[in-house]
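No value in this document is a laboratory result; all are computed from the given coordinates. Fair warning: this is a prediction, and the values are worked out from it, not measured in the lab. Quick reminder, even Gly has a Cβ in these numbers, built from the backbone with ideal geometry, and neighbours come from all protein chains shown.
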């Protein structure tokens, strides 16, 4: 005859109860916590991408200096426009390199860790911007290339995370909300970066953005998990819901038909559309503050504020387009919806309003046209 030890039974009940309480410790679904943290991850990534665009206006701005006999104008860095162009674009020299291998790396070490590592490292590097700038433009270009290399992994790695966390019915909304963080980050860098550079110093633009990014990395690594099944405090109901609603496809190994891909007209149509959208977006990101300062003669704080406005509209449009897209797909095919939004965003809105801007460069009209051009995020 077997006897059950009451103390052991009590201990098991206590352990199970503790685990149950631990799983129920937060009523907010863990997939939404992950989405919000991903939003702030992109916020930090674009904060770092955009900070130099606004800070460089102050770095090259002539200021009054005086010695015993005369007053003269001198800037912190005497870089010509060509050198400035190399510096502002150098981030993307590194950014393009790690895009493709990042997907493979994410399958090996996990998308969650790679996403956090990419943003955390770029935040750490941006803390040294003023030190590298003091060495010379080549050193600053090298630093920005390293930042680009570290951030090149963030989109592929987060797609790996979505494949495990985002139910098929919520995936569009979760991803567009997270990606909107990039536009809010750019808005913040432009708007507050100008104020920080004017009232503190341009160095603090990099110190603050770097500290925020490094701090976020700790939160991301602590509060998220690679998959729902590995999360310590997810509720059984949410775990079951996510796993039963993931878009599952059988894993098969194919020989990639590179020749057919390179000869495919739809492939090149996507490449051209993506190239055009990114060319406009990143040209505005890197050059708009300098243009507003030196061509339209805005003050630094005004330059930052005005430069930030397109990104507010982009963030709203991006999330709204996700909802609109889901609605239209219920009535039309996915192909028709995507073609329609691309044509409306890149041609009818972005291209036409930038064309008008080139001919009507008054301050008020110019800013209005830029607002509408930002609707390319459709």
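With an a/c value of 1.5 or above and a/b larger than b/c for the gyration tensor axes a ≥ b ≥ c computed over the alpha-carbon atoms, the range 135-230 is described as prolate.
Cβ-Cβ distance of residue 243 and residue 28, R₀ of 22 Å, FRET efficiency by 1/(1 + (r/R0)^6): the value works out to about 0.70. Does the range 189-282 come out rounded, prolate or oblate, given a ≥ b ≥ c as the square roots of the eigenvalues of its C-alpha gyration tensor, rounded meaning a/c under 1.5 and, failing that, prolate meaning a/b above b/c? Judged from the Cα gyration tensor, the range 189-282 comes out oblate (a/c at least 1.5, b/c at or above a/b). Taking a ≥ b ≥ c as the square roots of the eigenvalues of the Cα gyration tensor, an a/c ratio of 1.5 or more together with a/b no larger than b/c marks the range 141-185 as oblate.
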